[in-house]
Structure formats: C-alpha cells, structure tokens
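> There's a structure below that I have some questions on.
What follows is calculated from the coordinates using simple rules that are stated; it is not laboratory data. Since the structure is predicted, the reported quantities are computational estimates derived from the model, not experimental observations. All Cβ positions, glycine included, derive from the backbone under ideal geometry; neighbour counts span all protein chains shown.
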Amino acid sequence: MARVAEAKKRKQFDPKTFLTVINGGRKVLVFPKKHAIFVQGDPSDAIFYIQKGKIKLTVVSKTGKEATIGILKEGDFFGDACLTGQPRRLCSATALTDSSVMRVEKKAMLKVLHEEHAMSDVFVAYLLTRNIRYEEDLVDQLFNSSEKRLARMLLMLAHFGKEGPPETVISKISQETLAQMVGTTRSRINFFMNRFKTLGFIAYDKRSELQVHGSLLK
C-alpha cells in the first residue's frame, strides 16, 4: 500500500507548481522575443524552467559557425549542466518567442533534488527522455536524408507522437534555423518545404505561421 501511495504521489507531482514555492534561490524572468537568456561562455550557476514560450539553444564553433541544437517549450528545463560542475555555458539560450522562465540557483536546485524525492524522480525522468532524444537525433543525422530529417524535425516541433494533442501550428521559425537544426543549407530547406507544401503535408495560415499535417508522418 505504501508503494501505491508513493507512486500516486509522484504521478500527481507538478514540478511547475513545486518550483514556484521554493524558499529562496529562484526568480521568474520575462524575456522578449530574440532576447538572450545566457550566452556561450557565461558562468554556469543556475538552471532554468520554461513557464511560457519557446527557447532556442545554439552553439558557435571557433570558426564562427552557428548551429541550433534544440528548440525547447513550456515544461522543459535547460542550463542543467551546472549541476554536474560545468563552470561555463557550453551553448547560448535565446527566447524564440516572448517567454517567461524561472531561474533557480544551482545550490537551491541541488537542495530540492536531495530533499524532495518526487522532484528528483521527475527531473531524472526528464533527463533520460532528453538523452534518448539526443541518441535519436544522432542516428537520424547519420542515416537519414536531409529531407527525412526535416520531416522529423517538423513533426517534433508540432509534438506529434507526444503526450497530449499535437500543436499543428508552429510559431514562426526561419528556414535558416531549420537548416541549422537539420544540418543542411537554407536552399535545400526551401526546396523541401515547397515540396511538402505542394504535397499537402504543410501549409501556411494568414499570419504566415506553419501548419503541419499528420500526413507528413507517412
């Protein structure tokens, strides 16, 4: 019975609600679209939780080449490398839309994870899911064509295959960003997007926002 009660407690645990009642070490920050939250090389001293909006993670090589390594949404954590002792940010985080994030200091987050087992379970599950995603991204990059990689990226951005209904409308995202995420050129992205549109896999609404149809799964 104790195990059942504990399992029920963890299932009902809401990290968003819990994080808002941490005593000290936290702050809610609002960032307008395109505003930097932190940049590559900054001190890594806090973890962030997205309450509203979308965040883009990018990395710049020594030669100045930029790559987008992730688009995060409400309910995602980022900046968690600080918990492993990483002294500097390895990537930059920028608001892709107007966003609200909670900044939790490293010390406060470690204290929460140590004292609150339900929070630890949620956080570990999140990290494991994200690591699986990274492995899938690597396999996708190694074995699939750029056209298939783009289709997969659009479906992921629209949340097909995830819990809850898919968000078929994707907020404005540039073809340059898609090219960075897929690992190809902007001209190739433009060619594939036009092809997807002709085939009826995607469409654009009056606000030029992208609509992804379930037929793209095929």
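> Going by the alpha-carbon gyration tensor, a ≥ b ≥ c the square roots of its eigenvalues, is segment 45-118 rounded (a/c under 1.5) or, if a/c is not under 1.5, prolate (a/b greater than b/c) versus oblate? Mind dumping the intermediate values first?
Values: a/c = 2.82, a/b = 1.40, b/c = 2.01.
The shape class here is oblate.
> Oh, and also: Putting +1 on Lys and Arg Cβ atoms and -1 on Asp and Glu Cβ atoms, find which of THR94, TYR126, MET109 reaches farthest to the positive end of the dipole of segment 78-128.
Going by the Cα projections, it comes out as THR94.
> Sticking with this one: Place a +1 charge on the Cβ of each Lys and Arg in the chain and a -1 charge on the Cβ of each Asp and Glu, then give the dipole magnitude about the Cα centre in debye, rounded to the nearest 20. Don't skip to the end; give the middle numbers.
Details: 36 positive and 23 negative charges, 73 e Å.
Charge dipole, the chain, about its Cα centre: 360 debye, nearest 20.
> Which value, in debye to the nearest 20, gives the size of the charge dipole of segment 145-217 about its Cα centre, when Lys and Arg are +1 and Asp and Glu are -1 at the Cβ? Numbers along the way, then the final one.
Numbers: 11 positive and 6 negative charges, 47 e Å.
The dipole magnitude comes to about 220 debye.
> Using each residue's phi in segment 119-135, evaluate 6.51 cos²θ - 1.76 cosθ + 1.60 at θ = phi - 60° and report the 3J(HN,Hα) Karplus result to the nearest Hz, with x for Gly and Pro.
5, 4, 4, 5, 5, 5, 4, 4, 5, 5, 4, 5, 5, 4, 4, 5, 5
> Can I ask one more? Strictly over 20 Å apart at the Cα level, which of LYS16/LYS54; LYS148/LYS218; LYS62/LYS148 would you flag in this model?
Details: LYS16/LYS54 16 Å; LYS148/LYS218 10 Å; LYS62/LYS148 29 Å.
From the list (LYS16/LYS54; LYS148/LYS218; LYS62/LYS148), the Cα-Cα distance tops 20 Å for LYS62/LYS148.
> Spelling out what I want: for every residue of segment 101-115, take phi, set θ = phi - 60°, compute 6.51 cos²θ - 1.76 cosθ + 1.60 (Karplus), and round to whole Hz; glycine and proline get x.
These are the phi-based 3J(HN,Hα) values: 10, 9, 9, 10, 4, 3, 4, 5, 5, 4, 5, 4, 5, 6, 9 Hz.
> Of (1) 42, 38, 34; (2) 54, 47, 36; (3) 49, 39, 33, which is the value of Cα extents along the principal axes in Å derived from the coordinates here?
(2)
> Kindly provide the helix-only [θ] at 222 nm of the chain, computed as the sum of -39,500 (n - 2.57) over DSSP H runs of four or more divided by all residues, to the nearest 500 deg cm²/dmol?
Numbers: 7 runs with 86 residues, N = 218.
It comes out at -12500 deg cm²/dmol, rounded to the nearest 500.
> A follow-up question, please. Counting other Cβ atoms within 10 Å of each Cβ, which chymotrypsin sites (Phe, Trp or Tyr not before Pro) in segment 11-69 have at most 16 and sit in a DSSP loop? List each step's numbers first, then the result.
Details: sites: PHE13, PHE18, PHE38, PHE48, TYR49; in loops: PHE13.
Here the chymotrypsin sites (Phe, Trp or Tyr not before Pro) that fit, given the DSSP loop and packing criteria, are PHE13.
> Going toward the positive end of the dipole of segment 145-217, with +1 on Lys and Arg Cβ and -1 on Asp and Glu Cβ, which of LEU155, SER145, THR177 do you reach last?
SER145
> What shape does segment 169-218 have by the C-alpha gyration tensor, where a ≥ b ≥ c are the square roots of the eigenvalues, rounded means a/c under 1.5, and otherwise prolate means a/b greater than b/c and oblate the rest? Write out the running numbers ahead of the final one.
Numbers: a/c = 1.77, a/b = 1.27, b/c = 1.39.
Note, shape of segment 169-218 comes out oblate.
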